Amino acid sequence: MTLTVKELAQRCNAKVLVGNESLKIVSAADIMSAAENQVTVLSSKKYTKFLKETKASACFISSQFSTDDAPNDLVLLLCDDPEISFLQAVNVLHPTPKLTKSISKQAAIAENVSLGNDIHLGAFSSIEEYSSIGDGTEIFASVSIGRHVTIGKNCRLYPNVVIYDNTQIGNNVTIHSGTIIAADGFGYKYRNNEHVKVPHVGNVKIADNVEIGANSCIDRGALGASIIGAGTKIDNLVQLGHNINVGRNVIICGQVGISGSCTLGDGVVLAGGSALADHVTIGRQTVVMARTGVASDVEACQTVFGSPAKDKKVAWRELAALSKLPELFKRFKNLQNRLKKIEDK
Amino acid sequence: MTLTVKELAQRCNAKVLVGNESLKIVSAADIMSAAENQVTVLSSKKYTKFLKETKASACFISSQFSTDDAPNDLVLLLCDDPEISFLQAVNVLHPTPKLTKSISKQAAIAENVSLGNDIHLGAFSSIEEYSSIGDGTEIFASVSIGRHVTIGKNCRLYPNVVIYDNTQIGNNVTIHSGTIIAADGFGYKYRNNEHVKVPHVGNVKIADNVEIGANSCIDRGALGASIIGAGTKIDNLVQLGHNINVGRNVIICGQVGISGSCTLGDGVVLAGGSALADHVTIGRQTVVMARTGVASDVEACQTVFGSPAKDKKVAWRELAALSKLPELFKRFKNLQNRLKKIEDK
Amino acid sequence: MTLTVKELAQRCNAKVLVGNESLKIVSAADIMSAAENQVTVLSSKKYTKFLKETKASACFISSQFSTDDAPNDLVLLLCDDPEISFLQAVNVLHPTPKLTKSISKQAAIAENVSLGNDIHLGAFSSIEEYSSIGDGTEIFASVSIGRHVTIGKNCRLYPNVVIYDNTQIGNNVTIHSGTIIAADGFGYKYRNNEHVKVPHVGNVKIADNVEIGANSCIDRGALGASIIGAGTKIDNLVQLGHNINVGRNVIICGQVGISGSCTLGDGVVLAGGSALADHVTIGRQTVVMARTGVASDVEACQTVFGSPAKDKKVAWRELAALSKLPELFKRFKNLQNRLKKIEDK
């Protein structure tokens, strides 16, 4: 889509600070790679050095940045929140082509399924008995939905998502391809030389406005539910165990593993590759840094690092000490020799 | 399903120790959340404190726990193995609704495929030439089975499982959604500026009573087979490399990675996120703790931790010492100064 | 397939050094398990001890190995590069049965899709509008291909691969089952108590001769492309973030995680379970060892280990020192006591 900078500014909560208001903008790009007729953004001090050399035609900027270095022909778009204005510009300039919604004749819909209005159901998707799909929800190709599943309004399930029986999904939930919701949790009791399976008769409940990446897994509860709170965002290849209780607006990055029965407070952040042992509780807004292994509860508003997880500063102090440890051995030997000399006098 | 406590006790190897035998039980729950008409279990000393306040109507308990604190109206169900009795109760009270077995008209079955009796084949599942499916096996929607695959009796393949050519699967094997059996292993030889692929002409053999979680991968052998022994249980998002030889009753938890040509003895436990370098052998019943990285062989009946893996006690002693290391540097400096003073006399 | 050793030698760049040229070879096996009528290889000094006891009928060998210990009836096949000759023999002796190519009537092909010649399209695969598939490409069952996708010649997509809109794939690319190409990257801006999604309007571009394992994910760019260079090989359960730029002939092993906007030079090797923080650049031919966590740029031709990543030798020196640390505490105490004694004199 092509807009003038003036039109773009209006649609993105910005105003033209300086420059030609009728200049055409066709797309968005970052400040280093942007070219003519592209809009970019200056959102961090780290990037101010690129401002004077940018080839972009327009740039979102807030009043906190100096514009002295800006090229003369760069249109500056003043706004309160350049990141959000730019994000709006991307949405305006690069609209997703509308899906022509339809119920594919090559889908398999069992009896007693309830379909809302304005639904899309792709080829080779299947919905088993007693499930219901809310208005406006889009289900792509080869999605498999079990029995007694409830999916809310305006959800999107990308190809090859699998939803096991009894799952409950709220409104505006997006699930990317290959993600498996509500497979059995991993639990066995060892008796008489065999692992006896713990039955998993619970389910998974996903609240509104959740997004889940590709090839992740959320296991169903053994008894009761595994719960994902509203607004929580989950990345790819994440493993969420049975009976977990994840709060609202939690961020769970790629390849995180959460064992069974963990509880995460609102606003918790689990960085990439971190993991929690079973029955761990993480207080609200705590940040678990990348690749950290948490074996016991962590209070609210902490930042923890390492395996086992410690306060970030403590963990870093230990790592810093470790890096000087080989030298300490040499210094120790020197001290030992000097002491020996004194003793031998 | 609703049962009296007496009926429930009979079906779960328990007897009514005290309380009203005709009380109705409708479902099962853990001791903290159980409510009226629910049965629960006291299976660990950790939970004895919850006994006096439980709202459950009945509780499985063994003779090793004191019942003095039990509420007066709680029916106590005495049994030798409360965990197993409770697990039986869950199965009795929460039966999985029976699948109406059928061969979907929307499945694709190639020529020369052999189907046993009492099979379920879901919509959009495909079976290629020369494969055979044993009696009673259930194949859900969108499962893809290659050529010359043998699947035994009473197996269950959940939606979107993929089985490559020549795989052999025993009886009573369960595979959850998104799991890929027998994709090529990862092997290349670097020659003349390109990675030449090592052909993978082997296969995967899975013995009886194996369960595999969701979105896991078991690679086929380069030559010969990758083998999973009877009774072994594998969790989600696990990577099992080519030509591995996994023993019987092995437990492999979520996000474990096993490189090519590893051997695991019977009863080995690999906890969550642990990993093995290639050609490693782990002796029977050894436990590899969470997030441990094993680079060389480990003998039987050990418990190892850390990266690189060490005996658990050794690894913990090192971690304990590391946590005191910043303090050691200070004490070292003090010692140095005192020695200097003596030397300067 | 059965060949005489003479025929086999001719097809594998080898010559019969000693032994019966008309002996029949039916299959290939490693030197420890090979039996009569099998060909094997001696490719490493580690395996010379197995030469004298091998039951194989023939063995590829280079002039650098002594053949004094070889059994009398073993045919020795002399060649410059035994690994490659053996690999050729495996391909010759174990040919993959030819696929009968066809466009399944149970596939779903949208309008304005361009299909080349000699294509295979399996049952329940779907191709959305404006996509094109090159000559000779094989698409197995239940593959889902979005809109405006370009796939080159002689590619192979195994069952249940998903390709999102606008992806560009070169020639001779192989993608194993369950892998998801071009799902949205993971990016949000936190405003007013909600995570606002960063739109992902970029795509993924995969060059020629790339192979990708099972259940991996390559996220699309937010703006611009995520790029995989020619000849690069990627294992199973790998997470590749948005806007990454991966060079040529890179090796990415199982369960690796690469965060957004990372750059990998040509020939980089990321061993199993290693991970990169966002915006990290790794110079060409650098090796990141297993389970290493890289938080900042690494120059070319390095070998790094640990979390955070360090030069391999530095990291190992630290680990060696750590293993002696508990002992150092004891020795330190001893020194302290001796010093005290001197001070008290």
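The values are calculated or read from the model by the stated rules, or taken from the named source; none is laboratory data. These numbers come from a predicted model, not from an experiment. Note that each Cβ is placed from the backbone with ideal geometry, even for glycine, and that neighbours are counted across all protein chains shown. We work out accessible area using only protein heavy atoms, side chains counted, and drop any ligands, DNA or RNA first. Shrake-Rupley method; radii C 1.70, N 1.55, O 1.52, S 1.80 Å.
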Inset, instruction - Quick one: what are the phi-derived ³J(HN,Hα) couplings along region C:185-202, Karplus 6.51/-1.76/1.60 with θ = phi - 60°, whole Hz, x for glycine and proline? - result: x, 9, x, 9, 10, 8, 9, 6, 6, 8, 8, 7, 5, 7, x, 10, 9, x
Inset, instruction - May I ask for the net charge around A:Asp266, where only other residues with Cβ less than 10 Å from the Cβ of A:Asp266 are counted and Lys, Arg are +1 while Asp, Glu are -1? - result: +2
Inset, instruction - Give the chain A residue with the shortest beta-carbon distance to the rotation axis relating chain A to chain C, plus that distance as a whole number of Å. - result: A:Phe124, 3
Inset, instruction - Provide an ascending nm list, one decimal, of label-point separations from B:Gln64 to the equivalent residue in each further copy; define each label point as 7 Å from Cα along Cα→Cβ. - result: 6.0, 6.0
Legend entry - Inter-site label distance for C:Lys189 and C:Phe329 at 7 Å from Cα along Cβ, in nm: 5.0 nm
Inset, instruction - Mind checking A:300-313 for the average number of partner chain beta-carbons within 10 Å of each residue's beta-carbon? - result: 1
Inset, instruction - Answer rounded, prolate or oblate for region C:1-97, using the Cα gyration tensor with square roots of eigenvalues a ≥ b ≥ c: rounded when a/c is under 1.5, else prolate when a/b is larger than b/c, else oblate. - result: rounded
Legend entry - Farthest positive-ward along chain C dipole, Cα basis, beta-carbon charges - from C:Asn117, C:Val268, C:Ile234: C:Val268
Inset, instruction - Rounded, prolate or oblate: pick one for region B:79-132, where a ≥ b ≥ c are the square roots of the eigenvalues of its C-alpha gyration tensor, a/c under 1.5 means rounded, and failing that, prolate if a/b is larger than b/c, else oblate. - result: prolate
Legend entry - Charge tally in the Cβ shell below 9 Å around C:Lys101, where Lys, Arg are +1 and Asp, Glu are -1, C:Lys101 excluded: -1
Inset, instruction - Choose one answer from A:Ala277, A:Ala70, A:Ala107: the residue with the largest mean-square fluctuation in a GNM of chain A with alpha-carbon springs under 10 Å. - result: A:Ala70
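Going by average Cβ density within 10 Å per residue, which order do the peptides B:283-295, B:170-182 take, highest to lowest? List each step's numbers first, then the result.
Numbers: B:283-295: 21.2, B:170-182: 25.8.
Final packing ranking: B:170-182, B:283-295.
What trypsin sites (Lys or Arg not before Pro) does region A:10-91 have in DSSP loop regions with at most 13 other beta carbons within 10 Å? Can you show the working numbers first?
Values: sites: A:Arg11, A:Lys15, A:Lys24, A:Lys45, A:Lys46, A:Lys49, A:Lys52, A:Lys55; in loops: A:Lys52, A:Lys55.
Sites meeting the loop and neighbour criteria: A:Lys52.
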Legend entry - region A:62-148 - accessible surface per residue (Å², probe 1.4 Å): 47 Å²
Legend entry - Inter-chain shielding of A:117-125 (mean C-beta neighbours from other protein chains, 10 Å cut-off): 4
Inset, instruction - Rounding to the nearest 20 debye, state how big the charge dipole of chain A is about its Cα centre with +1 on each Lys and Arg Cβ and -1 on each Asp and Glu Cβ. - result: 1580 debye
Inset, instruction - Sum -39500 (n - 2.57) across every DSSP H segment of at least 4 residues in chain A, then divide by the residue count to get the 222 nm mean residue ellipticity, nearest 500. - result: -5000 deg cm²/dmol
Legend entry - Virtual spin-label span in nm between B:His279 and A:Asp278, 7 Å along Cα→Cβ: 3.6 nm
Inset, instruction - Quickly work out the A:Lys101-to-B:His94 label distance, labels modelled 7 Å from Cα along the C-beta direction, and quote it in nm with one decimal. - result: 3.5 nm
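Using DSSP to call loops (not H, G, I, E or B), can you name the GluC sites (Glu not before Pro) in region A:282-337 whose Cβ has at most 16 other Cβ atoms within 10 angstrom?
Working: sites: A:Glu299, A:Glu318, A:Glu327; in loops: A:Glu299.
Taking region A:282-337 and a limit of 16 other Cβ atoms within 10 Å, the loop GluC sites (Glu not before Pro) found are A:Glu299.
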Legend entry - Residues losing 40 Å² or more accessible surface upon assembly, region A:256-294, compared with the chain by itself, 1.4 Å: A:Arg291
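Within region A:54-164, what whole-number % of the accessible surface is contributed by carbon and sulfur, with the 1.4 Å probe and all protein chains included in the calculation?
43 percent
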Inset, instruction - Over both sides of the B-A contact, add up the buried accessible area with a 1.4 Å probe and give it to the nearest 100 Å². - result: 4700 Å²
Inset, instruction - Just flag the GluC sites (Glu not before Pro) in region B:34-133 sitting in loop per DSSP whose Cβ has no more than 13 other Cβ atoms within 10 Å. - result: B:Glu36, B:Glu53, B:Glu111
Legend entry - Cα centroid separation - region C:293-345 against region A:136-184, whole Å: 51 Å
Inset, instruction - Work out which helices of chain B, taken as complete DSSP H runs, extend at least 15 Å along their axis over the Cα atoms and score a mean Kyte-Doolittle of 1.6 or more, then list them. - result: none
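With Rg and the Kirkwood Rh both taken from Cα atoms, where does Rg over Rh land for region C:161-308?
On the way: Rg = 14.6 Å, Rh = 15.0 Å.
Across region C:161-308, the Cα-based Rg/Rh ratio is 0.97.
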Legend entry - Debye log10 I(q)/I(0) for region A:190-256, one point scatterer per Cα, at q = 0.18, 0.20, 0.23, 0.26 Å⁻¹: -0.66, -0.76, -0.93, -1.09
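Between B:Glu36 and B:Asp297, what length in nm is gained on full extension when 0.36 nm per residue of separation is reduced by their alpha carbon distance?
Details: separation 261, 0.36 × 261 = 93.96 nm, distance 5.25 nm.
The B:Glu36-B:Asp297 span can extend by a further 88.7 nm.
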Inset, instruction - Take the protein assembly as shown, compute every pairwise Cα distance, and split them into 20 Å bins from 0; I just need the percent in each bin. - result: 12, 40, 34, 13, 1
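Would you work out the Kirkwood radius for region A:261-310? I mean one over the mean of 1/r across all pairs of different Cα atoms, in Å. Mind dumping the intermediate values first?
Values: mean 1/r = 0.0989 Å⁻¹.
Hydrodynamic radius (Kirkwood, Cα pairs) of region A:261-310 is 10.1 Å.
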Inset, instruction - Would you mind listing the distances between the B:Lys49 label point and the same position in each other copy? Use 7 Å along Cα-to-C-beta, nm, one decimal, shortest first. - result: 5.6, 5.6
Inset, instruction - Select from A:Phe329, A:Ala277, A:Ile258 the residue farthest towards the positive end of the dipole of region A:257-334; place +1 on Cβ of Lys and Arg, -1 on Cβ of Asp and Glu, and compute about the Cα centre. - result: A:Phe329
Legend entry - Positive-end residue of B:Ala214, B:Asn243, B:Leu319, charge dipole of chain B with Cβ unit charges: B:Leu319
Inset, instruction - Evaluate the Debye formula for chain A with equal point scatterers sitting on the alpha carbons, no solvent, and hand back log10 of I(q)/I(0) at q = 0.06, 0.08, 0.11 Å⁻¹, in q order, two decimals. - result: -0.35, -0.58, -0.91
Legend entry - Size of electric dipole in region B:161-308: Cβ of Lys, Arg +1 and of Asp, Glu -1, about Cα centre, debye, nearest 20: 120 debye
Inset, instruction - Excluding A:Glu129 itself, calculate the net charge of residues whose Cβ lies under 10 Å from the Cβ of A:Glu129, where each Lys or Arg counts +1 and each Asp or Glu counts -1. - result: -2
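Could you tell me whether region C:269-345 comes out rounded, prolate or oblate from its Cα gyration tensor? Rule is a ≥ b ≥ c as square roots of the eigenvalues, rounded for a/c under 1.5, then prolate if a/b exceeds b/c, otherwise oblate. Walk me through the numbers before you get to the answer.
Values: a/c = 4.12, a/b = 3.70, b/c = 1.11.
Judged from the Cα gyration tensor, region C:269-345 comes out prolate (a/c at least 1.5, a/b above b/c).
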Legend entry - Coarse-grained scattering of region B:69-189 at q = 0.11, 0.15 Å⁻¹, given as base-10 log I(q)/I(0) from a Debye sum over alpha-carbon atoms: -0.49, -0.70
Legend entry - Label distances, nm, C:Ala295 versus same residue in remaining copies, Cβ-directed 7 Å point: 2.1, 2.1
